[in-house]
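Everything on this sheet refers to the single structure shown next.
What follows is calculated from the coordinates using simple rules that are stated; it is not laboratory data. All of these numbers come straight from a predicted model, not from anything done at the bench. We place every Cβ from the backbone using ideal geometry, glycine too, and count neighbours over all the protein chains shown.
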Amino acid sequence: MWFFNKKADDALWEESNRKVIALARENNADEALAVAKELYEYSVKAYGKKHEKTIKAINNLGYILTKKKD
């Protein structure tokens, strides 16, 4: 069975989350959306569907999709 390295997972998640936020602030919605989707998929695998980080990743997706509609 393969286990996640929590410390490495957290660092990778934080780095990706910062990238999503930065891209969204730069109005680069397409790239932000691509990274946000990867972050969500990673979060589900690393933490599970109900984890706080996964919920934040979903929130990021919603924010970017809303911003992209505008």
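Listed values, structure above:
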| item | result |
| --- | --- |
| Number of positions in the stretch 15-70 that are buried (at least 16 other Cβ atoms within 10 Å of the Cβ), in contact (Cβ under 8 Å) with a residue 40 or more places away in the chain and among the basic types (K, R) | 1 |
| Hits in the stretch 33-70 - residues which are of a type in the set (G, A, S), over 9 Å from the mean Cα position of the chain (by Cα) and more than 14 Å from D9 (Cβ to Cβ) | A34, G62 |
